[in-house]
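Input: a single structure, listed below in C-alpha cells.
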Amino acid sequence: MKATFKILSTALVLLSACGGNPNSGSNSQSAEDRFVDSVVNSLTLKQKIGQLNQVTAGQVEEMEALAASGMMGSILNEANPQNLNRIQKAAVDNPPHIPVLISRDVIHGYKTIFPIPLGQAASFDTALVRQGSEISAVEASSDGIRWTFSPMLDIARDPRWGRIAEGYGEDPYLTSVMGAAAVRGYQGNGNLSKPTSMAACAKHFVGYGAAVGGRDYNSTYIPMRQLRNVYLPPFRAAANEGVATYMSSFNDNDGVPSTGNKLILSDILRGEWKFDGFVVSDWFSIGEMVNHGFADDMKHAAERAINAGLDMDMVANAYKDNLEALISEGKVSEKTVDNACRNIVRIKYRLGLFTNPYISTSQDVKYAPAHLAAAQKSAEESAVLLKNNGVLPFKNFKKILLTGPMSDAPHDQLGTWVFDGEKSHTVTPLVALKDAGYEVNYVPVLTYSRDKNLSNLSKAIAAAKTADVIVFVGGEESILSGEAHCLANLNLQGAQSQLLEALKKTGKPVVSVIMAGRPLTIADDLNNSDAMIYMFHPGTMGGPALVNLLSGNVTPSGKLPVTFPKSVGQVPIYYGQNMTGRPASGHEVLLDDIPAEAGQTSLGCTSYMLDAGFGPLLEFGFGLSYTSFEFSDFNINRTSFSGENDEIKVTFLIKNSGNYDGAEIPQLYVRDLSASITRPIKELKAFTRVFLKKGESKKVELSMPLSSLKFFGLDDKEVLEKGKFTLWIANSSNVDKAAWKCDFEVK
Ligand code: BGC
C-alpha cells in the first residue's frame, strides 16, 4: 500500500535539509523535535484534539470514516490486519495524514500465551521476562498492534484483589526490575522503530493495587512517603527504561483520582522523571471522575484531566466533545493541547509509523516453535515447589491417576486477559502426560474449579488403587482473577479441598498442582498433599512444563513473588513491612494457650494474631528444589561505604550438593537499622539466578549501588542516610534462615 503524506513530505524536506533521518542519526533528538513540531504546528485545533482521542473498535466502515475525519488518534480492540490497514489508509490519505496508533491489551502473550505476570515474577528471571515480552511484540505487531497496555506495575499486597495476577507481586524492587525487562522486550530492546516492537504502557499510575479491602476500583489511602518508597519506584524504573506511555489508574488516592492528579501526572512524571512520552487515561476514567464526584460533568472532567497532564482520552469522548469549548472559555490553554498532541505524535514518530504505517500480512509468526519453547521455559521457571516429602521427581511411577478440574482446562490454564491466545493451541497436563508415555487414568471428578459435585469421587478412589501416584491439578478458573474479579474467600473453590482430602486417605502419594491467579489459602491442601507445585496460570505450554517438572527433566526453581497468607484474616501481609515497636519475638501465645477466664493481660505483647500467629503460610522468596545448594566463602568488598556511587559487592560460592541439576536464586536483603523514619524490616536489593549441574560450584556476586539505599524521608526528599545496616544472603525472605549475615556502615 502506498501512503501519501503531505505533512510528512514537508517534514522530511526539513529533516533532510539538516541531514536527519526520521528514526535515527547522530542528531536524532533535534531531528525528532523538528519533525514533531512541524507536524503539530500545521494542525488545526480540531485536528490536534483528534490526536488526543482514543476509540474502541466498531464497524470497520465507521472506523474508516472516523479515521478519515482525523478524530481518531488511536484505536483499541481491533486486531484484524485487513481492517486495520483500511483504517490506517483512511487516516494517512486524509488530512492531517497522521497514522493511527493501534493498541491492545497484550498482557502475557498475544497468541503464544506465557504465564500470567505474577507467575513470570516467580521465575526471578529478568531475561526470560524480556524475551517473553519481545515475543509478544513480534506476534502482536504481525497483526498491526504497535502499542500494548502492559506491563502492570502495581504493587499488590492483597490477594483478594483479582488484578494481583497481572503484576509482579508485592515487592518494589522485584516489580521494578521485572517491569523494566518487560518494557525493554516490548520496545524492541531499545529500538522502538523496529516494525516488530510495541510501545509499552506502564500502568496503572498509581496506587491502584492498594484498593481498600482488595475491592477493585476502590479508593486508596497511600501517604506520600509510602507512595514514593513503595508504589512509585517501579514506575520510575519504567521511565528510566524509556517506557513510551503511562496509563492513569481508576482509583482516587486520598481524595484525588489519578486521572486528574497533577502532582502525579505532571510534577513527578514529567518534572522529576523527565518523561516525554504520553499518558492515556484508563477506560473511561475521565468520565468516571464525574462518578467520583470530582467533576460536575464530562466537560469539567475533561478540564481537570487535561490540566493535570493527561494526554489521551480512552473512549470517554470527553476531549473530543469539550476541549474546543474549554479553550474558548479560557479554562484550558491551547498550549496544553499542543503539548499533549506533541507527546502523542512523538511516540508515533518513534514507532516509525510515519514511514511505515501498514501491516505486512505476509509472514505468520504466531505460535512459532521458538515462541512455544520460550513459553514452556517460562512456565517451568515460574513453577514454585511448595512441598515435597520425597515423592518428586517421579521415580518409577508409570501409572497416574489424574484428577482435578484444571487437569484438562485449555481455556482456564491460560489465565486472565487473554483475548487472542486460542485454547486449541493449549497443551494441558492430560495431553502432555499422555504424550510423555505415562499410563494416565483421567477421572476429573470436578469439571471446573467451582464445581461442588463429588458424585464421581468413588470412581477416583477406585482408580487410585491401581495407580502409582495421584496427580491432582486444581486451582482457579481464569475468570476468577483479573480485573473486577476479587474474592473474599481464598480457599480452593468448590469441592476441591474435599476431593484432595479424600485422595490423601487412599494412602497413595498425592502430588497437587495449583493453577491460579493469586496466592490461595492452601494450608489444609498442603497437609493433604505429599508434594505441591504452584504454577499460577501457566499459559499455552503449562502441560509440557508440568511433565518436565514431575519427571525431573527440569528441577523447580521458582520463588514466591508474593507472601501466601495462612488465612484471609491475615491480609494484607507482606515481608517488607516497617519495623514496629513490638516486633515478633517468636514467643506467640496462641488461642489454645489461653486459659479459660484469663485475666486481662497483654498476651504475647507483639504484633500478631492470636489465631494465626505472626508469620504467613509461606514467605516471599520461598521455593523448594529437588536438589540442594550450599552457600560458602562469603566476602564483602568492604564494610564501610560512602556516597551514592559507591557499590556494595558480596561474593560467595554456591554448590549444587544434591542429586539433580537445577537453579538457585540467592537473594540479598538489607535492613536500615536506624533512620529518620521507620524503615522496612528487610528489603530485597539484589538477586540472581544461578544454574548448576549436580556437583557443580560457581562463584556468584550480588551487588547493589549505594543509591539503592536511598529513600524518601521526613521532608519527602530522597536521601541517602548515614548509619548502620544489616545485610543477608538468603534463599527466601526468611532471613532467620539466611546463609550469611553481615553488618555494614554508610559514612
Ligand atoms: C483496564 C486496563 C486496560 C483497559 C483497556 C481497563 O478496564 O483497567 O488495564 O488496559 O481497560 O482494555
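Computed from the coordinates by the stated procedures, all read-outs in this text should not be read as laboratory data. Being a predicted model, the structure only gives us computed values, none of them experimental. Cβ placement follows ideal geometry from the backbone for every residue including glycine, while neighbour counts extend to all protein chains displayed.
Taking 7 Å steps out from each Cα toward its Cβ at D593 and D451 produces label points 4.4 nm apart.
For the chain, the normalised intensity computed at q = 0.04, 0.05 Å⁻¹ comes to -0.17, -0.26 (log10 of I(q)/I(0), Debye sum over alpha carbons, equal scatterers, no solvent). Compared with the direct C-alpha span, the chain from A488 to S632 gains 47.4 nm at full extension, assuming 0.36 nm per residue. For the listed peptides 435-448, 466-479, 530-543, a ranking on the average number of other beta carbons within 10 Å per residue, highest first, reads 530-543, 466-479, 435-448.
Taking the three principal axes of the alpha carbon atoms in the range 216-295, the coordinate ranges are 34, 25, 21 Å, sorted in descending order.
Using θ = phi - 60° in the Karplus curve 6.51 cos²θ - 1.76 cosθ + 1.60, the 3J(HN,Hα) couplings for the range 713-730 round to x, 3, 9, 6, 9, 7, 9, 10, 8, 6, x, 9, 9, 10, 10, 10, 10, 9 Hz; x is entered for Gly and Pro. Anisotropy class assigned to the range 180-322 is oblate, per the alpha carbon gyration tensor with a/c at or over the 1.5 cut-off and a/b no larger than b/c. Using only Cα atoms and rounding to the nearest 10 degrees, what angle (0 to 90) does helix 542-551 make with the longest principal axis of the chain? The angle comes out near 30 degrees. Antiparallel beta bridges, as assigned by DSSP with both residues in the chain, represent about 55 percent of the total such bridges. Here the spin labels are modelled as points 7 Å beyond Cα on the Cα-Cβ line, and at N240 and E696 they lie 3.0 nm apart.
3J(HN,Hα) along the range 516-521: 8, x, 7, x, 10, 8 Hz, from the Karplus curve 6.51 cos²θ - 1.76 cosθ + 1.60 with θ = phi - 60°, whole Hz, x for Gly and Pro. What percent do you get for the relative contact order of the range 490-564 when only Cα pairs under 8 Å and 6+ apart count? This gives 30 percent for the range 490-564. For the listed peptides 276-284, 450-458, 145-153, a ranking on the average number of other beta carbons within 10 Å per residue, highest first, reads 145-153, 276-284, 450-458. For the range 418-449 versus the range 498-533, the inter-centroid distance based on Cα atoms is 18 Å.
Computed from point charges on the beta carbon alone (+1 for Lys and Arg, -1 for Asp and Glu), the dipole magnitude for the range 198-258 about its Cα centre is near 140 Debye.
How many angstrom lie between the Cα centre of the range 137-188 and the Cα centre of the range 269-295? The two parts, judged by their Cα centres, are 19 Å apart. Applying 1/(1 + (r/R0)^6) with r as the Cβ-Cβ distance of T336 and L610 and R0 = 56 angstrom yields a FRET efficiency of 0.50.
Against the chain, whose longest principal axis is taken from its Cα atoms, helix 126-141 shows a tilt of about 50°.
Here the range 158-306 carries DSSP beta bridges of which approximately 20% are antiparallel, counting only pairs with both residues inside.
Contact order, relative form, for the range 246-337: 29 percent (alpha carbon pairs under 8 Å, 6 or more residues apart, mean separation divided by residue count).
Taking a 20 Å limit on the Cα-Cα distance, which of the listed pairs K649/K685; K655/K699; K48/K320; K274/K331 fall beyond it? Checking Cα-Cα distances, K274/K331 exceed 20 Å. Using a cutoff of 8 angstrom between alpha carbon atoms and counting only pairs six or more residues apart, the relative contact order for the chain works out to 12 percent. If only the Cβ of Lys and Arg carry +1 and only the Cβ of Asp and Glu carry -1, the dipole of the range 361-469 around its Cα centre is close to 520 debye. Taking 41 Å as R0, compute the FRET efficiency from the Cβ-Cβ separation of V719 and N189 and round it to 0.05. After rounding, the FRET efficiency stands at 0.75. For the range 481-614, what does the alpha-carbon gyration tensor say about shape, rounded, prolate or oblate, given a ≥ b ≥ c as the root eigenvalues, a/c under 1.5 as rounded, and a/b over b/c as prolate? Since a/c reaches 1.5 and a/b is larger than b/c, the shape of the range 481-614 is classed as prolate.
Shape class of the range 564-687 from the alpha-carbon gyration tensor: oblate, with a/c at 1.5 or above and b/c at least as large as a/b. Rounding to the nearest 10 and keeping the result within 0 to 90°, find how far the Cα-based axis of helix 28-41 lies from the longest principal axis of the chain. Once rounded, one gets 60 degrees. When peptides 69-76, 683-690, 215-222 are sorted by average Cβ neighbour count within 10 Å, with the highest value leading, the order is 69-76, 683-690, 215-222.
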